[in-house]
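Notes follow the structure.
The values are calculated or read from the model by the stated rules, or taken from the named source; none is laboratory data. Computed from a prediction, not measured in an experiment: that's the story for all the values here. Counting neighbours? That spans all protein chains shown, and the Cβs are built from the backbone with ideal geometry, glycine included. Areas reflect the complete protein model, heavy atoms only, side chains present, ligands, DNA and RNA absent. Shrake-Rupley method; radii C 1.70, N 1.55, O 1.52, S 1.80 Å.
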Amino acid sequence: MGYRDFVLKGDIAYSIAKDALCTSENSFLVCIDGKSAGVFSLVPAQYGQLPLIDYTGKLIIPGLVDLHLHAPQFSFRALGMDLELLDWLKVHAFPEEAKYQDTAYALRAYTALVEDLKKGPNTHCCIFATVHVPATLLLMDLLEASGLVSLVGKVNMDRNSPDGLRETAGSIDATREWLDRCAEKKDKKNKNCGPILTPRFIPSCTDDLMRGLSELQKQYRLPLQSHLSENQREIAWVRELCPESSCYGDAYTRFDLFGAEVPTIMAHCVWPEGEEIELLRRRGVYVAHCPQSNSNLASGMAPIRRYLDAGIAVGLGSDIAGGTHTSIFRTMTEAIQVSKLRRFTGCDEAPLTREEAFYLGTLGGGSFFGQVGSFAAGYEFDALVMDDTSFAPPFALTIGDRLERAMYLSDDRHIIAKYVRGSAIQ
Ligand code: GUN
Ligand code: FE
């Protein structure tokens, strides 16, 4: 019997498909070697000797997944929220990110972020760092020690960026150095935090840089994250920069950096044009939907219903600091709100249901990491135990109702235990 073999008892909810939520009252969730062995109404005989942790009356759900956030932007979240994307990048994001040249500054700022993430409901995150190798490695060390699971990218940018962030010929060399350091850490049994290639977006990356990243991708077989079709001014700029591309997505495809062999996350995808939806689907690219950021930076309302109907993989992102809160509970509710507002722009699309929003923030994004975001047998054992009694009404609720209220009403104080791969996060 290992230390990651145990049973939790409580009121359990998890997605098994985008519109299928499983709920089991007063049931047992079995963890064997850091993986779910399933949910049972009685403890099966073979697990009868395992330690049982009794959370009767509490909600037990999978950990939440943030497919898109910028670690260096945590420090200035909730500032500049009256600006649009390109002005906000220039006035707030780029000057702040330049400070991460200083590793002492990075240590202070990244420690605050990782503390926030540990206390919150997310267990898995895909993260942009900055161009700086030492600060990115430092962030990865902090995340590794946190017990959370993450993919972190040293950002690449060699044009249209201010001094201090613009990498000239050295971007690929620096990326190679960073990847070699990551490989050394992996040899030392680092297991929670790994690298992901991170060209910032097309306006920040020359063709030479994209070619170099494509070579690195083929050599190291890494996943990739970037931004796509976020904001209309940005998209017009990409059109000017890449007149030969049929759409924004095609500007990545030309360098083999858009799905297919490359597990890829594209943040936002608010304004798909031309063949972009078909390209996202065919190449298996994940859309990181960031509704709060899209409102704050006046980007728009992403057509998530169309993506789901087309069979495109979708997860949720906080997009700190386009978004102000790391909790993916909050992003779930914003995804529902924005899906309803789309109607007022003349779109005839069904809004997202609570089951779909919960799916997007768990299994939808989790599948990028493998078997993550559900309690079906074989999935990673990532669980939140939520005490929702402080907002329980004087009438009976189903587990689905309680889950909806937890999405809208809970905060970090309601999380009474958090497990990642079968280990408790302290
Ligand atoms: N596009 C390029 N960089 C960024 C960024 O930092 N945040 C957002 N929201 N969009 C971007
Ligand atoms: Fe972003």
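Quick one: plug the Kirkwood hydrodynamic radius of the chain (C-alpha pairs) into Stokes-Einstein at 10 °C, 1.306 mPa s, and report D in µm²/s.
Details: Rh = 21.8 Å.
Once the numbers are plugged in, D ends up at 73 µm²/s.
Mind scanning LYS9/LYS35; LYS35/LYS119; LYS154/LYS186 and naming the pairs with a C-alpha gap bigger than 24 Å?
None, as every Cα separation is 24 Å or less.
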Original post:
For the pair GLU240 and CYS347, how long in nm is the line joining their label points, each one 7 Å along Cα→Cβ?
Top reply: 2.7 nm
Original post:
Roughly what % of Cα-Cα distances in the range 184-326 sit above 24 Å, to the whole percent?
Top reply: 31 percent
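With a 1.4 Å probe and every protein chain left in place, work out the accessible area per residue of the range 268-426 in Å², rounded to a whole number. Before the final figure, lay out each step's value.
Working: 5880 Å² over 159 residues.
On a per-residue basis, 37 Å².
Over all directions, the average projected area of the alpha-carbon convex hull for the range 26-135 comes to how many nm²?
Average of the hull's projected areas for the range 26-135 equals 10.3 nm².
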Original post:
Once the Cα atoms of helix 232-241 and of the chain are each reduced to a long axis, what angle between those two axes, in degrees from 0 to 90 to the nearest 10, is obtained?
Top reply: 40 degrees
Original post:
Does the range 81-224 classify as rounded, prolate or oblate by the C-alpha gyration tensor (a ≥ b ≥ c root eigenvalues; a/c under 1.5 gives rounded; else a/b over b/c gives prolate, otherwise oblate)?
Top reply: oblate
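At a Förster distance of 30 Å, what's the computed FRET efficiency of THR389 paired with ALA424, Cβ-Cβ distance as r, to 0.05?
After rounding to 0.05, the efficiency reads 0.90.
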**OP:** From zero up to wherever the largest Cα-Cα distance of the range 242-357 sits, split into 5 Å bins and tell me the percent of pairs in each.
**Re:** 2, 12, 22, 23, 20, 14, 6, 1, 0
**OP:** With only alpha-carbon atoms counted, please give the Rg and Dmax of the range 284-411, in Å.
**Re:** 15.2, 46
Original post:
In bins 5 Å wide, starting from 0, what share of all Cα pairs of the range 121-204 does each bin hold, as a percent?
Top reply: 3, 15, 26, 24, 15, 10, 6, 1, 0
**OP:** Give the carbon-plus-sulfur fraction of the accessible surface of the range 1-70 in %, rounded to a whole number; probe 1.4 Å, heavy atoms of protein chains only.
**Re:** 50 percent
**OP:** Take the solvent-accessible surface of the protein heavy atoms, probe 1.4 Å, and return the percent of it on the range 305-426 that carbon and sulfur atoms account for.
**Re:** 52 percent
**OP:** Using only Cα atoms, find the angle between the long axis of helix 103-119 and the longest principal axis of the chain, and express it within 0 to 90 degrees, rounded to the nearest 10.
**Re:** 30 degrees
**OP:** Report, largest value first, the span of the C-alpha coordinates of the range 365-409 along each principal axis, in whole Å.
**Re:** 40, 19, 15
Subject >> Nearest 10 degrees, 0 to 90: helix 328-341 Cα axis against the chain principal axis >> reply: 70 degrees
Original post:
Counting only protein heavy atoms and using a 1.4 Å probe, what share of the accessible area of the range 103-198 belongs to carbon plus sulfur, as a whole percent?
Top reply: 53 percent
